[in-house]
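What follows draws every value from the coordinates through simple rules; no lab data is involved. Worth saying up front: this structure is predicted, and the values here are computed from it rather than measured.
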């Protein structure tokens, strides 16, 4: 398993620091959600540009009405399981914490 973090040379190019002003705006906007619940969404991709696919999924979540992305994990590279070894490319995986109605 390979871990991509923002520390060091193997940093995940899709991870950008979020300015404190943006975090404050998102937190303030949470009061507009009616009875919000927290959830964790698992993302994974093993075809094409895997990082681009993961980022596209996060972007789509951010554009969803009634939903706020609160945190995104580092991206991990894992081997597929439950299939013949070498029969599929490895996966990029991440999790996203959301608040949603």
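Expected output is a single nm value to one decimal: the length gained when fully extending between residue 35 and residue 78, i.e. 0.36 nm times separation in residues minus the C-alpha distance. What is it? Let's see the in-between values first.
Values: separation 43, 0.36 × 43 = 15.48 nm, distance 3.58 nm.
Additional length available on full extension: 11.9 nm.
Between residue 64 and residue 49, residue separation times 0.36 nm minus the direct Cα-Cα distance comes to 3.1 nm.
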